[in-house]
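Working notes, beginning with the structure itself.
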Amino acid sequence: MSTEQSAESLLRRGEACLSDNQPADAKALFEQALGLRPKESAAWRGLGKAQLDLGETDLARQSFATALAIVPYDRYAAHMLAALSGQADKRAAGYVADLFDTYADQFDGHLTDTLGYRIPQVIADLLADRGPFKTMLDLGCGTGLVGATLANVVTNMDGIDIAPKMTRKAHERGIYRHLRTGDTRDILATDNALAGPYDLVTAADVFVYVGPLEATFASVAKILGAKGFFVFSVEDEPGEEIVLRSSGRFAHPQRYVERQADNHGFGILERLSHPIRQERDRPIPGILYLMTRAG
């Protein structure tokens, strides 16, 4: 077997170990691959993932930085490096939009059938005795899965998503009054049509791609009506602070979310533990929060 074939085999085995939740074995395999091909960006990316899963944050940051130096247009590596370093990088800005645009046409089936995604219905169940609602804003609306689930209890529904192909799919459903494409915080700060007040604001599987939620909570506090409801899902994590996972998504501990609620004038009405999705053949623990304006 040639060096090229050996390196490719090590990369495949490393990715398989990551999928099987064996980061230590994956780390060893990616390091072996780099011994054969030191400038293999995929090996540096894989090594960064394994290190992150092992809690080796500083080493993971260095690995993603190396991968990005080899392939400067690698938006995943840019996203991971920016999140781990706290430094903005314009190359990372399009990561989430690109991620969703690449499979917008297969999104609904992949999410519900392959990943076991049931959050829209769980949100509907949480709100079953709260409606009907005159106005709703669907943050990170995607193709409109949440909107479609709640369409029979909402009169006027607006949506925002960062991915253009996703908002086009949402538009095809014909259930949204206003649809916008772009960064939620920027749009809410400038678009008078989405100034509220809203009876309901939803964010299903959205904050896992946002990270810090201070600015988002502040924006929602401005547009939510006095007796309005704010419902969203997050991936759960023990501890106090947000954690970046090798999936490229963020997990938000309960204590962090509770601080945001306190700091921005929200009261927590319900807190429901529920798997967010299936990944690597296991459920990803999550929490759904139902909040309202405190006082």
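Numbers at a glance
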read-out	value
GNM flexibility winner over the chain from Leu81, Leu36, Leu18 (Cα, springs under 10 Å)	Leu36
Distance (nanometres) between label positions extended 7 Å along Cα→Cβ at Arg282 and Ala151	3.8
Distance (nanometres) between label positions extended 7 Å along Cα→Cβ at Ser6 and Arg177	6.6
The chain: most fluctuating residue of Leu137, Leu244, Leu54 per GNM, C-alpha cutoff 10 Å	Leu54
Matching label, Cα extents along the principal axes in Å computed from the structure shown, candidates (1) 62, 46, 33; (2) 73, 44, 34; (3) 66, 39, 34	(3)
Per-residue [θ]222 nm for the chain (sum of -39500 (n - 2.57) over DSSP H runs n ≥ 4, rounded to 500)	-13000 deg cm²/dmol
Excluding exposed DSSP-loop chymotrypsin sites (Phe, Trp or Tyr not before Pro) (at most 16 other C-beta within 10 Å), longest clean stretch of the chain	104-295
Virtual spin-label span in nm between Arg255 and Ala69, 7 Å along Cα→Cβ	3.6
5 angstrom amide H check on Ile276, placed H, neighbours 5+ away	Ile284, Gly286
Two-decimal Rg to Rh for the stretch 188-277 - Kirkwood Rh, Cα set	0.96
Accessible surface of the stretch 115-258 [probe 1.4 Å, protein heavy atoms]: carbon and sulfur percent	48
Linear extension gain, Arg168 paired with Ala226, 0.36 nm per residue minus alpha-carbon span	17.7 nm
Distant-in-sequence amide H partners of Arg293 (H built 1.01 Å from N, under 5 Å)	Gly228, Gly267
Reachable lysines, given that their alpha-carbon falls under 18 Å from the alpha-carbon of Lys227 and they are not under 8 places away in the same chain	Lys134
Gaussian network model of the chain, springs between alpha carbon atoms under 10 Å - residue of Gln254, Gln87, Gln62 with greatest fluctuation	Gln87
For Val154, residues with placed amide H under 5 Å, excluding near neighbours	Phe133
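The values are calculated or read from the model by the stated rules, or taken from the named source; none is laboratory data. These figures come from a predicted structure and were not determined experimentally. When we count neighbours, we look across all protein chains shown, and the Cβ atoms used for this are built from the backbone with ideal geometry, even at glycine. Accessible surface areas use protein heavy atoms only, side chains included; no ligands, DNA or RNA. Shrake-Rupley method; radii C 1.70, N 1.55, O 1.52, S 1.80 Å.
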